[in-house]
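This report refers to the structure that appears directly beneath it.
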Amino acid sequence: MREGKACLRSLFDSKHPTDELTEHLASPDIHRTLRRLKIKDMLTEDDWQTLYPKEKSSVSADNYDLRLLLLLVKYTCDVTKPQPNGWMGDPEPRDDSQGAALQRLLGIQRELASLQTLKASAANRLFSRIAEQLQRLGHSGAADCMNAYKQDTSMDETESRFILGEFLVWYRQEVSQLKREIENQERKKKREEIPILQKRLKTRDLDTSETKKRQSVVGKATMDMSDKSRCQRWAHIKTGMVLAERLILDKYYEQLLNDVKADTVVEHLMNKEIITQDESTEIFSTLRNNEQMSTLIDFLVPKSGNVLDEFVESLKPKNEQVYQQMHQDYQAAKADILANKPQGLPYCNNILRERYSTAYAKWNPIPWYTKVETDIAEFYCQQQLLNLNGKSVNAFQVFDYKEGEKDPHTVVIEGDPGTGKSTLAKYMAYKWSLDENVFGRPFQLLILLDLKVTAPTVKVMMMEQLFGGDCKLAEREIWEVMNMHQASTLLIIDGYEDNLNDEMKSLLFENIMPELHILVFSQTNFTVRLMHRYQRKVILTGFAKSQAEEYVQKYVKLAKKPWEHFSSFLNKLVVAKKSTELQKLLDAAKKSQEPQRRRGSSESATSVTSAKPRDERPLERENTDKVSTKLSRSSSKGQGNDQQQQQDSNGENSNQSKIASLRHYSQVPLYCSFFCLLTDMRMSIDLNSPTTIVEQFVSCIKLKLIEREKESRFEANRAYAMLSERAMDTIKKGSATFILAKEDHMMTKFGLIQLATNLTAEDNQRYMFGNRLIQEYLAAKNLDTSGTDEASRFFQNMSMTPISYNVVVFYCSIRKSDNDTPATRELFAKILQYNKRRGKASRMKMPAATSPEDSQLVEGKIMDYQLSLECVAVMDMARRDLGKKIVESLPERFTVKHEGIIPRLSLTGLSKMIKFNHTTIQEVDLRLDLLAKETLEAYKSLATAMKTNVHIKTLRIYWTEKDLMADFLQTVCCPEPEDPANSTGQMEIRRKKPDQTGFHLKNLECIDESGKKLDQLSPKMLNNMREACSNMTKLETFAFQNCHHMSLVGSIIKNLPTKFADNLRILDFSGCQMSIVASQDLNGKLMESKSLEGLILANLKIDAMAFNTFIAAFSSNRTIVLLDLSGIRLDNVCFFSLSEALKINNKLEKLFLRQVPMDTRACKEVARILKINKMLKLLTVTQEVVSEEGRRVLGEESQTETRKNRAVVDGIGVEYRQRPTNERANTKRNPLSVK
């Protein structure tokens, strides 16, 4: 029995740990199951008090006896029922489940209870059987314990009687339960199972007097319970039926239980979709009709709407008398209910506006200062929202649309953790509560739901977070109001990355309310599934320009901190012209700082060293001298002036770089608040990575508790460890909320967690993390300290979805160089498997290649490989073989394009992988637009990495910002003055010196997506393009397409190098606009060309004079075999110039004139080319834009006897396709593939 209890306890704890036991027992499903067991008298009152004591903190499995543990394991731990009879009979011999093992142990118990004596030999056999079943239940030490019993072969009569007596007492408790089950089976007439139960009851000399006595006591207790009002039992239910409806059910409760059959009522309610299938199954899980009706009524009370109406109607067919009485009373009560029920829309509008105005008028924006409260509008600082074109958007104009556009019903606001998504959602709700037209349209309802606070349905979520238990409207009625007024309702969803219940999925994906306006706040890269549902996407980047300074001012004023602490921080943040108020504050701070500077820094440094805890990482406080923006200069003897100036210059550059990083991170509201706390605590700020920033902040929070709030260091570290465990548990469960006991109040003092909103709960002790970034960092920290085995298990069970990316990246950043562990090997093995699976999927989507020339490279998008890139970015790859495998798992063609801002770490990781020797990347496609400016430094690092890589042969740039494009090309094409250094512990970088230019690209394509024509070119941009073009000496294909800026096109043509002509094969200016000056430069380049084979000018915007200028070069060019003039508007003079240039050209083989309008005279000029030029093999035109007479002229010329073995005219309807057998023209081949 002792070993059995230990085994059951271990099994129960594995399913429900002690720290989650209170939450588990309080869940509705478990509470309902245990309540049914109590009604069946399988749980006594003492058992109930043990399970649900008055003090929740005293709940512990240590207080459960063997019988109670057995019941809990059977009915609350999802243990598989034995086959084939469940808990009603012996299991099959081949059934090895845990349920079968439990059932066999009960069979051994019954066998022992039937014995009068127990011999040692029989005991040994029983002990062996018991040990076998305990081992199946997971008790590893069962065999050793049973062997110890078996060694003692002597057993006297007293010991035998004692053992049998213990089993008999335990077994008698089961007898009462089995008898009640038999009665239930008899009432339900399940005769086939009754012999099985009766067989289990047959024991020798079994006294049932205690059972009878116990039944009489339970019957009396049940009678006393029936005398009490059922409304007291339903008092804790804050939603559902109103009081008048509950009083009617209470009045007829006994009559319903005695006279009404449950099956007919349940069938009617299921047809009306009031009772679900699961609820119906639970109702009929009991055999007595009164118990079924009691369960049914308990299910009906929490439901709202016309539930009682349908219930009364269900009584009419079979219970006419009860129906008449209840119907009469209900109609009288219904009049009072309708008289007191408010009108739906105005009532909901008033409740919501009052809710938002009250909640956010006293709002705590600084969680680590718990007593700070302010109006959210006074503390809010403007945030920067960008559309997908990179243009700024007003937060309250996201639903605006122009004439002719569709109304955007669903809008997504996407941003990284810490950019202020939740704050913006609350600010929107608060502004709406003051003015309904703040969004430019009259939204009469604004429903803000936080998905971090989970709930089974949207209706329950609205009641818990917004309306509360005192609302006079039921859940279903609020839903109906929302459905009736869809067009004037705005639903704001905060935390889309968290779990979605089924009702929320229906709202978002199934469009059950098509006119409803939805605003979704989501973390970056989580809205892929929502892509086909939303009409507009906006990127939240953080603070708008100069708002970080304003935030610091408000922080200092609200927290009542000394200004002198923040003067240096504000000086570094101010980029634009300082306002008068800010200048006054800075001047006052400087004056107050002068006395401290005179005293020196030695005393301050001594105090800091003594106060710093040993277990913290080295966080040094700033002295007042370090706070200044100027870098202190060295004046040691023996240094010359030049050397000193060089050191000063390097120091200034380093200082400027740190200030730039500080400004960048300060644009993120969460990081800016971290910096404010670090500055207030006089800590230096380490800007190496986001991980170091968060790590400093958490350490500073602990130091604040110890130094300023005088908390015990031991208690602070203990609370921090528990907080990390909760973070890891919530990440594993996919939930942000957790229960916090009263004795763990220390965790709330960190300011990292907050109460989860639940207006319907009387004692709300559910907490959640205030920001997901903090939760993910603490989870990673817990993963690091829990050991490699725990980390390995987490990585094995981890789903490769963005929900777990940040935890893994934080973990890798914490481990950094110490990455050769079983856990990291397990992690990267999973990443490799995922990358290979992505590559295989991309390969399957590719069309089958008919020849080696048509084969394509495997393509991959950067966001599909985000996790592997970011892990490599933050880690020092100590094992080169591991780095090699990761790099080789990347696709051959990499697309750096995304509908939004590409994370900085992803770009950094890609740069790091490109520098690795074994990279397989051969082509890179990237987009440079306004959104790329948000991560400009990362793009520059990528350009530097591509310059040193000899494997990348093709680069395609899709650009809208010409300055970014020019800067990127200048970095890629221009050589570095020195070889890149190879730092210790980093991924292997080539040490061999590149050639003189350092340029390895073979194909370069630049596609203009801006559509701009007349904007000015800056001198810096022109200089960058000149330097880039002058170094393009090894290109074989150069394409600059769709650019309508004639000066830019002309500058590129002019600056192409002289050596360019030695290697270039294809030159493409499709869709560009070319001036006469550019055409003259192009003429000169064509005259100098020695290797150019194809010139593609499709859809070129050019006048006749400019065309005639460059086409004259074909009279002397001896290399071009393909000329594409498709889509160009040419007059007859241009056709004459073309024919004059080509009639003496002896190299051109293909001429494309698709979509070029041609009259009869133009066709005669083209026919003259066909007649005179002996090398032309293919001419392609478009029949629809050629005149009728012109088609006849071209057709006759193509069919003349002298042209049979040469040219083919394609596109005029009359074709003669006889070509030489050794060199046939392929009209479908891409022009860029011409040899």
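The values are calculated or read from the model by the stated rules, or taken from the named source; none is laboratory data. These numbers come from a predicted model, not from an experiment. Counting neighbours? That spans all protein chains shown, and the Cβs are built from the backbone with ideal geometry, glycine included.
Condition check: within 24 Å of Q383 (Cα to Cα), under 21 Å from the mean Cα position of the chain (by Cα) and either in a loop (DSSP other than H, G, I, E, B) or charged (D, E, K, R) (or both). Does P408 satisfy that?
Numbers: within 24 Å of Q383 (Cα to Cα): yes; under 21 Å from the mean Cα position of the chain (by Cα): no; either in a loop (DSSP other than H, G, I, E, B) or charged (D, E, K, R) (or both): yes.
Spelling it out, it is not the case that P408 is within 24 Å of Q383 (Cα to Cα), under 21 Å from the mean Cα position of the chain (by Cα) and either in a loop (DSSP other than H, G, I, E, B) or charged (D, E, K, R) (or both).
Can you tell me which residue among D925, D967 is assigned to a helix (DSSP H, G or I), modelled with pLDDT of 90 or more and among the acidic types (D, E)?
Numbers: D925 fails: assigned to a helix (DSSP H, G or I).
One residue alone meets the criteria, D967.
Only one of E254, E245, E273, E279 is in contact with a helix residue (DSSP H, G or I) (Cβ under 8 Å, 6 or more places away or on another chain) and free of Cβ contacts under 8 Å to residues at least 24 places away in the same chain; which? Steps first, please.
Values: E254 fails: free of Cβ contacts under 8 Å to residues at least 24 places away in the same chain; E245 fails: free of Cβ contacts under 8 Å to residues at least 24 places away in the same chain; E273 fails: in contact with a helix residue (DSSP H, G or I) (Cβ under 8 Å, 6 or more places away or on another chain).
Of the residues listed, the single one that is in contact with a helix residue (DSSP H, G or I) (Cβ under 8 Å, 6 or more places away or on another chain) and free of Cβ contacts under 8 Å to residues at least 24 places away in the same chain is E279.
Can you tell me which residue within region 753-777, out of those that are free of Cβ contacts under 8 Å to residues at least 60 places away in the same chain and of a type in the set (A, V, I, L, M), is surrounded by the most Cβ atoms within 10 Å (Cβ to Cβ)?
I753
Are any residues in region 1031-1063 closer than 20 Å to L1092 by Cβ and touching a residue at least 40 places away in the same chain (Cβ under 8 Å), and if so, which ones?
The answer is N1031, M1032, T1037, A1039.
When the residues of region 928-977 are filtered to those that are among the hydroxyl-bearing types (S, T, Y) and closer than 20 Å to R1026 by Cβ, which remaining residue is surrounded by the fewest Cβ atoms within 10 Å (Cβ to Cβ)?
First, pick out the residues of region 928-977 that are among the hydroxyl-bearing types (S, T, Y): 935, 939, 941, 944, 948, 954, 958, 960, 971.
The next check asks that each one be closer than 20 Å to R1026 by Cβ; those that pass are 944, 971.
Details: T944: 16, T971: 21.
Among residues in region 928-977 that are among the hydroxyl-bearing types (S, T, Y) and closer than 20 Å to R1026 by Cβ, the one surrounded by the fewest Cβ atoms within 10 Å (Cβ to Cβ) is T944.
Return the residue satisfying two criteria in turn: it lies in region 1067-1106 and is of a type in the set (K, R) and over 47 Å from the mean Cα position of the chain (by Cα), and of such residues it is surrounded by the fewest Cβ atoms within 10 Å (Cβ to Cβ).
From region 1067-1106, those of a type in the set (K, R) are 1085, 1090, 1101; that's our starting set.
Subsequent filtering for residues that are over 47 Å from the mean Cα position of the chain (by Cα) retains 1085, 1090.
On the way: K1085: 20, K1090: 10.
Residue satisfying both the conditions and the ranking: K1090.
Would you please name the residue that is surrounded by the most Cβ atoms within 10 Å (Cβ to Cβ), looking only at residues in region 234-273 that are among the hydrophobic types (A, V, I, L, M, F, W, C) and over 19 Å from R476 (Cβ atoms)?
Step one: of region 234-273, the residues among the hydrophobic types (A, V, I, L, M, F, W, C) are 234-235, 237, 241-244, 247-249, 256-257, 260, 262, 265-266, 269-270.
The next check asks that each one be over 19 Å from R476 (Cβ atoms); those that pass are 235, 247, 256-257, 260, 262, 265-266.
Details: A235: 10, L247: 15, L256: 22, L257: 19, V260: 21, A262: 23, V265: 26, V266: 22.
Among those that are among the hydrophobic types (A, V, I, L, M, F, W, C) and over 19 Å from R476 (Cβ atoms), it is V265.
Which pairs do you get when a residue that is closer than 11 Å to V807 by Cα, found in region 778-796, comes within reach of a residue that is acidic (D, E) and modelled with pLDDT of 85 or more, reach meaning Cβ atoms under 8 angstrom, with the pair 6+ apart or on two chains?
Listed by first residue and then by second, the contacts come to N782/E725; L783/E790; F795/E826.
Take the conditions in a loop (DSSP other than H, G, I, E, B), under 30 Å from V460 (Cα atoms) and modelled with pLDDT under 75 and apply them to D78. Does it pass?
On the way: in a loop (DSSP other than H, G, I, E, B): yes; under 30 Å from V460 (Cα atoms): yes; modelled with pLDDT under 75: yes.
Answer is yes for this residue.
Can you find, within region 724-739, the residue that is surrounded by the fewest Cβ atoms within 10 Å (Cβ to Cβ) among those that are part of a helix (DSSP H, G or I) and of a type in the set (S, T, Y)? I'd like the intermediate steps shown before the answer.
Of region 724-739, the ones part of a helix (DSSP H, G or I) are 724-733.
The next check asks that each one be of a type in the set (S, T, Y); those that pass are 724, 730.
Numbers: S724: 22, T730: 20.
Selected residue: T730.
Tell me, yes or no, whether region 1080-1092 has at least one residue that is over 18 Å from N1117 (Cα atoms), assigned to a loop (DSSP other than H, G, I, E, B) and among the hydroxyl-bearing types (S, T, Y). Explain how you work it out, then say what you get.
The initial filter retains those residues of region 1080-1092 that are over 18 Å from N1117 (Cα atoms), namely none.
Among the residues of region 1080-1092, not one is over 18 Å from N1117 (Cα atoms), assigned to a loop (DSSP other than H, G, I, E, B) and among the hydroxyl-bearing types (S, T, Y), which makes the answer no.
Just name the residue that is modelled with the highest pLDDT out of those in region 847-869 that are part of a loop (DSSP other than H, G, I, E, B) and β-branched (V, I, T).
Looking only at region 847-869, we keep the residues that are part of a loop (DSSP other than H, G, I, E, B), and these are 847-851, 855-858.
The next check asks that each one be β-branched (V, I, T); those that pass are 850, 858.
Values: T850: 49, V858: 82.
That would be V858.
Rundown of residues vs (1) in a helix (DSSP H, G or I); (2) in contact with a helix residue (DSSP H, G or I) (Cβ under 8 Å, 6 or more places away or on another chain); (3) under 25 Å from L1178 (Cβ atoms), yes/no style:
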residue	(1), (2), (3)
I1053	yes, yes, no
A1098	no, no, yes
A1106	yes, yes, no
I1120	no, yes, yes
L1148	no, yes, yes
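Name every residue in region 500-557 that is within 20 Å of N389 (Cα to Cα) and part of a helix (DSSP H, G or I), in order of residue number.
none
Just one of T276, T295, T281 is of a type in the set (S, T, N, Q), under 26 Å from Y75 (Cα atoms) and crowded, with 17+ Cβ neighbours inside 10 Å; which is it?
T295
Suppose the filter is touching a Lys or Arg at 6+ places or on another chain (Cβ under 7 Å), more than 14 Å from E1197 (Cα to Cα) and in contact (Cβ under 8 Å) with a residue 24 or more places away in the chain; does R1154 pass it? If you could, list the steps in order and put the result at the bottom.
Values: touching a Lys or Arg at 6+ places or on another chain (Cβ under 7 Å): no; more than 14 Å from E1197 (Cα to Cα): yes; in contact (Cβ under 8 Å) with a residue 24 or more places away in the chain: yes.
Criteria not met by R1154.
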